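Down below is the structure, laid out as structure tokens.
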Amino acid sequence: MARSNEVVASLLQEYADLISITGGDAFRARTYEKAARGVAGHGADLSTLDAKGLAQIPGVGKSIADKIIEYRADGRITALEELRAKVPAGVRELMDIPGLGPAKAMALHRELGVDSVDELLHAIDAGRLSGLRGFGAKTAENIRHGVDVLRRGAGRVLISTALETAEQVVAALREVPGCVDCTYAGSLRRHRDSIGDVDILAAAVGSAPLMAAFAQLPLVGEVIASGPTKTSIRTAGGLQVDLRVVPPDSWGAALQYFTGSKAHNIRVRELAVRKGFKLSEYGLFRAEDDTLIVSRTEEEVYQQLGLPWIPPTLREDRGEVAAARAGTLPELVTEADIKGDLHTHTDLTDGVSTLAQMLATARERGYRYYAVTDHAKNMPMQRMTDAKMLAQRRKLRELGDQGRMALLHGTELNIDPDGAVDWDADFLAGFDVCVASVHSHFTQTPAELTARFVAACRNPYVNIIGHPTTRQIGRRPAIEPDWDAVFDAAADTGTAMEVNSFPDRLDLDDELIWRARAKGVKFAVDSDAHSTVHLANLRFGIGIAQRGWLTPADVINTWPLTRLRKFIADKRRKLA
Ligand code: DGT
Ligand code: CA
Ligand code: CA
Ligand code: ZN
């Protein structure tokens with residue numbers, strides 16, 4: 001989605017954080033947080049809106065609209081700059097540590113004079129946190145873990161950010177005269193959950209026009225290196241993009257090579273050597289006389305090696321080459337297999353689009369069913385009540401089926417520290433489908449977390465565990481129950497695990513999907529949309545599902561509605 005929306009949303013969120021950290025009005029901070037969500041989820045690109053259009057964004061009043069207009073005109077927001085100046089840069093660095101947050105960062109600065117991440121680690125080592133109110137032994141451990149997450153993610157970006165840049169570059173380069181083909185490769189093509197740099201590959205007889213066009217694209221911040229075979233740039237946002245140009249006759253081999261992963265390539269090259277070939281970024285060669293075997297497509301490369309084409313999402317050396325040789329590659333789930341979304345929100349809670357808007361967009365996507373699952377009542381922030389929930393249900397029943405799309409009434413329950421959820425059995429029985437998620441108490445011990453999830457799975461009315469690890473990529477670490485025990489309970493009770501498609505969640509991740517699938521667990525690939533624009537995030541969830549080797553049979557929302565309803569009814573019958 002539009003980049004300017006995301007930039008402005010993150011500035012508004014920062015403003016909200018700075019209000020809290022400087023002891024400002026909590027209500028005012030909430031207002032800016034709400035506006036940040038509204039802007040991020042707004043369908044129209046901010047840069048196309050006038051003052052009136054801006055005021056129509058949910059959560060954006062006049063004063064916030066003015067700040068957005070100022071940012072568009074001057075590239076800065078004076079009020080934000082003023083607040084930034086009140087907080088030492090080191091403290092803002094501390095705020096970025098997953099799990100620390102503004103209040104604790106400020107306390108560390110005030111009480112211990114800590115103003116960098118390294119100083120904080122020293123303070124922990126020296127035991128200086130132990131005397132501090134609100135900083136127990138467990139907090140120190142969590143902080144250490146948070147720093148790990150932060151540093152591991154350093155320099156990597158979300159797949160949505162990388163994809164947007166890659167699509168712009170590819171579209172521009174395809175227009176350059178002489179460009180025979182152009183696409184993105186690397187971790188982006190393999191749908192990893194974070195991207196180090198973007199690798200673009202182009203085929204042309206001569207590389208000069210493409211290299212020149214690339215270096216002059218508007219998104220280029222600086223050119224890092226430029227030569228006849230490779231040019232690297234960094235975008236204004238700091239993301240590196242490499243362009244390689246190869247002769248058309250090498251396209252297949254080059255695309256195979258630059259898609260990776262490195263581990264997959266090494267495995268494939270071993271096979272090539274055994275078959276009397278040499279395989280490199282320059283092409284596929286006969287070893288005895290070094291003749292190039294023309295391979296215009298990847299299919300031809302794999303075929304020469306006696307293999308079917310292997311989908312990029314599988315190329316991680318997790319047994320895919322052996323499976324390809326044996327003819328047992330999985331028939332991966334695709335976006336076209338998805339018949340409905342089972343986790344979505346509206347503006348009844350923290351969504352920014354109305355029910356009617358969400359349904360209209362869902363219909364455009366061709367869904368056969370669609371579940372509305374607004375937040376349940378135990379999250380005070382959401383102000384949900386029994387009456388509101390029942391009124392929403394009546395409304396859905398009145399609307400009836402939307403052409404070919406059946407409407408399901410659901411909710412996203414909160415799994416409390418003991419594993420109980422918001423409503424009793426009688427009330428829960430009125431829903432068509434329930435997602436249940438952890439939204440608090442992330443720092444329980446692994447044993448407590450395990451018991452919590454197992455209890456939720458045993459609830460007859462819980463059908464899907466939402467964003468199970470609760471991670472936010474680069475910001476909040478995954479929680480760590482005994483996943484094997486949780487997956488056993490899920491498989492045993494007929495509870496699906498979610499593959500949440502939000503680009504900063506992608507939760508479960510591919511490795512946990514793999515482990516769960518081995519135990520016979522079923523999955524729901526959902527958008528968790530809080531806005532109409534989020535419904536299209538499903539593509540990212542599908543990428544991660546494929547990386548976990550999922551087939552349509554594993555994914556409950558590829559099933560026809562009758563089978564899905566039976567899955568839900570069977571669990572109720574068995575456990576209620
Ligand atoms: P990233 O950028 O960290 O998200 O991950 P990748 O996989 O995009 O890695 P990158 O950009 O360093 O390289 C792109 C592809 O080029 C990589 O997936 C496989 C190939 N490649 C790079 N270096 C090597 C190497 O030393 N050996 C082999 N066999 N392939 C390599
Ligand atoms: Ca890369
Ligand atoms: Ca690269
Ligand atoms: Zn949630």
Requested in this report: Check whether at least one residue in the stretch 186-198 is within 16 Å of ligand 1 (Cβ to nearest atom), touching a helix residue (DSSP H, G or I) at 6+ places or on another chain (Cβ under 6 Å), under 26 Å from residue 7 (Cβ atoms) and in a strand (DSSP E or B), and report yes or no.
Outcome: yes
Query - strands (runs of 3 or more DSSP E) completely within the stretch 223-310 that count 2 or more residues being surrounded by 15 or more Cβ atoms within 10 Å (Cβ to Cβ) and touching a Ser or Thr at 6+ places or on another chain (Cβ under 7 Å) - result: 240-246, 283-286
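Looking only at helices (runs of 4 or more DSSP H) that lie completely in the stretch 1-81, which have at least 3 residues being of a type in the set (A, V, I, L, M, F, W, C) and touching a residue at least 40 places away in the same chain (Cβ under 8 Å)?
3-21
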Report task. Looking only at the stretch 84-114, count how many residues are open to solvent by less than 60 Å² (accessible area, probe 1.4 Å) and over 30 Å from the mean Cα position of the chain (by Cα). Result -> 8
Query raised in the report: Which of the following residues is modelled with pLDDT of 95 or more and more than 16 Å from ligand 4 (Cβ to nearest atom): 224, 233?
Result: 233
Query raised in the report: Within the stretch 163-182, is there a residue that is within 25 Å of residue 508 (Cα to Cα), open to solvent by less than 30 Å² (accessible area, probe 1.4 Å) and among the β-branched types (Val, Ile, Thr)?
Result: no
Report task. Among the candidates 107, 85, 103, 89, single out the residue that is of a type in the set (Gly, Ala, Ser), within 20 Å of residue 141 (Cβ to Cβ) and without any contact (Cβ under 8 Å) to a residue 60 or more places away in the chain. Result -> 107
Query raised in the report: Can you tell me which residues in the stretch 119-139 are under 31 Å from the mean Cα position of the chain (by Cα) and open to solvent by 80 Å² or more (accessible area, probe 1.4 Å)?
Result: 138
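The values are calculated or read from the model by the stated rules, or taken from the named source; none is laboratory data. The structure presented is a predicted model; accordingly, all values stated were derived computationally and were not measured. Cβ sites come from the backbone with ideal geometry, for glycine too, and all protein chains shown count toward neighbours. Surface areas here come from the heavy atoms of the whole protein model, side chains and all, with no ligands, DNA or RNA. Shrake-Rupley method; radii C 1.70, N 1.55, O 1.52, S 1.80 Å.
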